[in-house]
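Working notes, structure below.
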Amino acid sequence: MRCGVFLCLIGAVHICLQVIAAENVYIAELMVESNVTLEAQTLLSAWNKTDLQVNQAITVTVSTSELVAECRIVGDESTCNCSTGYIWSNEVCYNYNCCRETSCTQNVSHITPLCVAKVKVRITGSVTKDTLDSSIEGKLEAEFGRLNGFEFLNVTELRSGNTVTDFEAAVSIKLKTSKLQEIVKNLETKLKAVVQVETEGLYECGFTKGSVRHTAKTELKVALLPDEITMMINPLTADCSSKQTSALNIMASATILKSNETYKVWWTYMEDNQSTSNNKTDGDNLVYTFNVSVDCESNAQQSVNVTFKNTKNQEKSASVAIPVIHEGDKTCREENPWPTTPAGNTVTIQTCTEGRVGDKSRTCNENSVWQSVISNCISKELNNVLNSADNFAKGLGATQKEAKNIFEGLKNSSTLTSDSDNLIADISASITVLKVMASASENFALQEDVLPDFVNAASNMLNANWSSISESTVQQMSADYLQSVEGLVKNIKVNKTNEFKSDNLDLQICPGNDCNVSVFDVNVSLNKTNGIMKTVAVKNLMEKLNNNFAKTEAISLLLSATLEENNDSSLQIELEFPNQHSDRKPRCVFWNTTEREWSVDGCFFINRTDVNHTVCMCNHLTSFSVLMAKGDVSTDVLDIITNVGLGVSICSLLIFLIIESLVWSAVVKTNLSHFRHTAIVNISIFRLLADCSFLASSNPEKISDTWCLVLTVCKHLFYLAMFSWMLCLSVMLVHQLIFVFSPLRKRVFMFFSSIIGYVCPILIVGSSYVYCKYTDKPYYDKKKGCWLVYEKLLEGSIHAFLLPVGTVILTNLFSMVVVIFTLMKSSAPEGSKTDDKETVKSILKVVVFLTPVFGVTWIIGFAQLLLDDTNPMYKVVLYSFTILNSFQGLFILITGCFAEQKVREEVIKLIMAKSRGKSESMKNLTATTYTKEK
């Protein structure tokens with residue numbers, strides 16, 4: 001039996017939607033079977049201008065039709081041909097090996113589309129190789145010849161000493177970017193060269209008005225702008241320190257990737273525009289240069305700007321600052337390759353070791369001290385992966401195969417060894433790749449075959465030590481890492497796989513209901529109705545993330561849970577973390593990706609008898625972990641003691657200050673009493689202000705960084721002022737005991753006390769803050785209750801508190817010893833037991849009375865710093881320090897008011913006078929009432 005199969009392309013099928021009266025034009029194919037080939041033309045003529053009723057609402061009008069392919073099938077033999085102006089489709093070419101042949105003997109009649117209209121696609125590119133290779137043209141033609149509709153390939157030019165080969169090729173069908181990318185990668189491997197390719201195509205636009213169809217074809221040229229403009233100056237700084245120098249010549253350069261776009265380029269310096277076309281080719285780059293005459297007499301910030309304008313008048317600009325050194329400016333001295341640089345400026349050099357691309361920068365801070373070198377030099381392999389990820393995100397070659405290649409390249413790059421200078425640059429670039437692919441995965445569905453390389457690459461990034469950069473940079477990088485990993489885990493589609501495990505990541509997938517999984521010994525239970533749950537546990541990341549909860553330390557594990565295809569808002573997820581510190585209070589938290597910090601909202605700790613696990617329950621899905629109290633500081637008992645003690649102290653100090661104001665004139669009769677009461681009042685005022693500041697910063701996670709800084713400064717200042725006045729009081733007391741016949745004059749005491757009590761604390765706090773600011777060291781730590789920072793011995797802003805306070809406490813302790821020995825010496829001649837008892841009583845009274853106002857209890861705080869939290873005495877010292885210092889205001893009220901006889905007598909007099917006044921008023925009122933009644 002012989003059968004002819006004809007494919008008709010119905011070009012411009014007019015579908016009229018009667019309901020909404022909208023017009024749409026579709027291209028459709030019709031396949032018919034016939035025994036006689038000539039019947040095809042008759043069939044096409046019959047279809048033209050025919051209305052077809054698809055259903056009650058849709059009528060199809062066939063406006064034009066033409067024959068695009070013919071297949072002749074005789075038994076098992078098949079021969080197909082495309083009509084003139086048509087070519088085999090990509091599916092026929094790549095699946096059945098019928099590409100440029102006139103006839104295809106494969107049975108492809110069922111393929112849709114079988115043949116497609118020819119279009120002109122022009123491919124231009126270049127091959128950059130270190131040495132001349134005469135076989136380039138043959139290899140280019142062989143590789144591009146694999147493309148469907150290939151017509152020709154010509155080498156058009158040899159450049160840069162015959163190391164750059166320009167070529168052009170043409171195909172007659174639209175091709176996928178992924179296929180072209182595959183050709184380019186094969187060529188780069190075979191030629192061991194860099195291959196750059198651009199494409200141009202012919203685009204068609206058509207519309208229908210009534211029964212008339214209008215079609216136009218033209219070549220669409222895309223007006224490009226540079227993706228990146230790299231700015232440099234030579235020399236890196238302008239030295240105008242010489243009096244004879246009024247101007248210096250600096251050469252500025254702007255480097256972009258080579259492009260077929262014709263740019264109009266101009267430079268701007270000091271509001272002086274100058275157009276230029278001074279450019280040269282440097283490999284795959286175009287370098288534009290401009291000579292700048294730097295004005296040495298100007299003190300303004302100087303920079304040079306370059307602007308690129310394409311053929312569509314679109315613009316893109318970049319600028320580079322010119323560090324200028326004037327006479328007398330503070331500078332950092334030259335350290336090869338870093339030139340002499342003015343303070344507060346950053347210089348950048350494009351000097352990377354072989355096999356790396358990028359730049360290095362270094363900042364000279366305001367104190368004329370060179371900061372650490374920041375390297376942005378990444379390996380060429382990783383740079384290629386980063387470029388591929390950027391292209392993928394833009395839709396260029398966005399295929400599953402390309403995604404797999406990206407993650408495979410990322411995994412291979414993450415296993416390469418890097419020196420300490422370039423390690424962070426590689427990690428940062430790797431995190432950027434994850435970030436770009438996570439964003440791209442929201443629009444392109446990645447399949448599970450990328451998961452092994454993704455998990456291994458992400459795990460390898462956490463093996464490295466990130467300690468060579470600032471804490472803020474580490475926190476930024478770790479937050480980006482976590483968000484990217486979580487996004488990729490959520491968006492990557494899975495079918496069969498249940499687990500992927502590496503050194504630092506453990507990923508498990510649960511496709512069923514009521515999931516119970518275990519990742520890195522973290523047990524996860526989720527009650528759900530549908531969807532796929534993905535859980536990934538991460539090691540070596542928690543210590544890198546920002547811990548915004550004071551007095552806590554993070555455990556070593558973090559767990560992220562996501563759920564696909566689920567709309568249930570009543571989720572309950574239970575997590576059992578291994579208990580690393582059974583004696584510490586846990587806090588269940590989740591990572592807030594918006595605020596980039598930990599939060600407790602929707603999560604709470606479940607107290608169970610199992611001491612080996614910390615159980616958390618949350619009503620939402622994200623990244624979870626547990627923060628443990630350091631040294632059991634945040635126990636409920638200590639919190640209650642602190643808050644109650646501070647509240648009692650604040651009330652006691654207010655009462656004491658009120659009483660002092662009422663009895664001042666009565667009790668302050670001598671210079672000595674004036675000295676003592678002035679010091680105690682100042683101690684009380686500053687202690688009151690310090691306690692209020694302490695309470696205001698008790699929840700640092702709920703206040704802003706600015707307020708945290710203000711409260712840190714307040715506490716630092718008020719506590720130092722309190723101790724300074726304690727020092728004044730103790731020195732005054734010792735002076736009076738030793739120099740009995742040379743009493744202090746009131747003016748002298750007030751002068752020196754004001755300097756010690758007011759000026760010295762301000763100077764210490766101000767100088768420590770300025771020092772920290774201009775050495776780029778942290779002055780305060782929000783995680784530690786908005787308090788000063790301890791780095792190591794004699795390093796950190798906390799020493800601006802510990803050293804002065806330690807000095808005052810030792811001095812006051814010495815003063816107490818002097819007072820005690822003076823009492824013992826004065827009672828020694830008597831020698832009776834009664835006198836000994838009185839002496840002991842006097843000594844005890846001195847200790848009790850002077851300890852609160854001398855701040856001697858703070859010695860316990862220093863003992864706490866010296867003890868490890870595992871020491872059995874640590875809790876005893878901790879509770880003692882908390883109780884004694886929280887209630888210090890109460891002790892001052894008792895010892896400075898109620899225990900002092902003169903003050904006590906004056907208070908009693910005031911109370912009695914007030915009571916007597918009320919009694920006499922009542923008597924007068926009663927007598928008056930009785931008289932009136934008579």
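The values are calculated or read from the model by the stated rules, or taken from the named source; none is laboratory data. A quick note: this is a predicted structure, and the numbers were derived from the prediction, not measured. Note that each Cβ is placed from the backbone with ideal geometry, even for glycine, and that neighbours are counted across all protein chains shown. Accessible surface areas use protein heavy atoms only, side chains included; no ligands, DNA or RNA. Shrake-Rupley method; radii C 1.70, N 1.55, O 1.52, S 1.80 Å.
Observations, loosely collected:
- Region 671-706, subset small (G, A, S) and outside any loop (DSSP other than H, G, I, E, B), residue nearest to L727 (Cα to Cα): A679
- Where a residue in region 727-741 is farther than 15 Å from H677 by Cα and at pLDDT 80 or above and its partner, wherever it lies, is surrounded by fewer than 21 Cβ atoms within 10 Å (Cβ to Cβ) and basic (K, R), with Cβ under 9 Å and at least six apart: none
- Residue within region 328-335 that is open to solvent by 30 Å² or more (accessible area, probe 1.4 Å), closer than 21 Å to M270 by Cβ and in a strand (DSSP E or B) present: no
- Number of positions in region 316-327 that are in contact with a Leu (Cβ under 8 Å, 6 or more places away or on another chain) and assigned to a strand (DSSP E or B): 1
- Of all residues making up region 387-428, the number that are of a type in the set (G, A, S) and more than 27 Å from V197 (Cβ to Cβ): 5
- Residue match in region 680-699 (condition: of a type in the set (G, A, S) and open to solvent by 30 Å² or more (accessible area, probe 1.4 Å)): yes
- Pairs are defined by a Cβ separation below 9 Å, a sequence spacing of at least 6 or placement on different chains, a first member in region 843-872 that is among the polar types (S, T, N, Q) and loosely packed, with under 13 Cβ neighbours inside 10 Å, and a second member that is modelled with pLDDT under 75 and part of a helix (DSSP H, G or I); the pairs so defined are T870/G631.
- Selected residue (criterion: farthest from C296 (Cα to Cα)) from residues of region 231-249 that are of a type in the set (V, I, T) and at pLDDT 90 or above: I233
- Among the residues of region 466-505, those that are open to solvent by 40 Å² or more (accessible area, probe 1.4 Å), closer than 25 Å to Y780 by Cα and either small (G, A, S) or in a loop (DSSP other than H, G, I, E, B) (or both) comprise S467, S468, I469, S470, S472.
- Options V494, V522, V538, V517: the member that is of a type in the set (A, V, I, L, M), modelled with pLDDT of 90 or more and at negative phi: V538
- Region 114-165: number of residues that are within 22 Å of S178 (Cα to Cα) and assigned to a strand (DSSP E or B): 15
- Test: residue in region 290-305 that is touching a Cys at 6+ places or on another chain (Cβ under 6 Å) and either part of a strand (DSSP E or B) or farther than 30 Å from T128 by Cβ (or both): yes
- Looking only at region 411-426, residues that are within 21 Å of the chain's Cα centre (by Cα) and under 17 Å from L451 (Cα atoms) come to 1 in all.
- Of all residues in region 306-315, those satisfying the criterion of being touching an Asp or Glu at 6+ places or on another chain (Cβ under 9 Å) and part of a strand (DSSP E or B) are T307, F308, K309.
- Any chance S797 is outside any helix (DSSP H, G or I) and surrounded by 19 or more Cβ atoms within 10 Å (Cβ to Cβ): yes
- Residue match in region 159-174 (condition: open to solvent by 70 Å² or more (accessible area, probe 1.4 Å), touching an Asp or Glu at 6+ places or on another chain (Cβ under 7 Å) and under 20 Å from G283 (Cα atoms)): no
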